[in-house]
Amino acid sequence: MCTGKCAKCIGGALYPFAVICIVANTILYFPGWSLEAAENAGLKLTTEVSTLLGIVGGGVMVIIPAIQIQASGRKGCCGNRCGMLLSILCAAIGLTGSLFCLVMSVVGLTRGPVCAYHDPDQINTTTPGNDSLIWGRPFEKPMSEYNNESYLYHKDVWNVCVRPPNVVEFNIILFSILLAASSFEVLLCAVQFFNGLFGAICGTCNKDKNDYKDMKKEAGDSEKEADPLPKKI
């Protein structure tokens, strides 16, 4: 496959992953399908979501370069060595954004969600109720009772979070989607970086139907010029 066709395929493939990142990050603003966290994002929303890892990192910083990457493989003003050279810069921008999304997704999964849970100090002195609920990240610190293993491997502790409902599953699923989508973006942008480099050196090798028609026409004209004079009867 020539570098031009490869660029068109990579640019087109980046669009759905960028959209997935934007949608997943947007949904993360409403954990448990509730507006409670979005209304007080500074206290009740994870830091990783607030950094717009999917909307900006895996979304805007990927989808805009993808437009140029796809255009660089077309015949015309962008389908040339200069266009492929510009696609290297765009691939680097997309790689930066997708890497940011990937890293923050891993951090978000590792630290766990922000939720309302019972304060251990108050549980020992009072009857557990709404007054003992505090907002924070209960799984951020290592769990000594589980040999400092991650909460991801111990589903029985997920019910520590009281509000929003099912916030742990909500957090894990969406951050996993962001992690998977950004991983594909990193791979595609890295491939395009080297593809653009080869394209800038060797060209896009694109040919359209008119080019072949012109080539056949030129070949036909040259054959006519090479024909000997008609023989006398």
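Given their separation in residues at 0.36 nm each and the Cα-Cα distance between them, Arg81 and Trp135 gain 14.0 nm when the chain is fully extended. Distance between the 7 Å Cα→Cβ label points at Thr47 and Ser144: 2.4 nm.
As a fraction of the 1.4 Å probe accessible area of region 18-86, surface on carbon and sulfur atoms comes out at 72 percent. Measuring between their Cα centroids, region 1-52 and region 132-189 lie 17 Å from each other. Seen from Lys155, the other residues with C-beta closer than 15 Å to its C-beta sum to a net charge of -4, counting Lys and Arg as +1 and Asp and Glu as -1.
The values are calculated or read from the model by the stated rules, or taken from the named source; none is laboratory data. Note that this is a predicted model, so its numbers are computed, not measured. Counting neighbours? That spans all protein chains shown, and the Cβs are built from the backbone with ideal geometry, glycine included. In case anyone asks, the SASA skips ligands and DNA or RNA and just uses the protein heavy atoms, side chains included. Shrake-Rupley method; radii C 1.70, N 1.55, O 1.52, S 1.80 Å.
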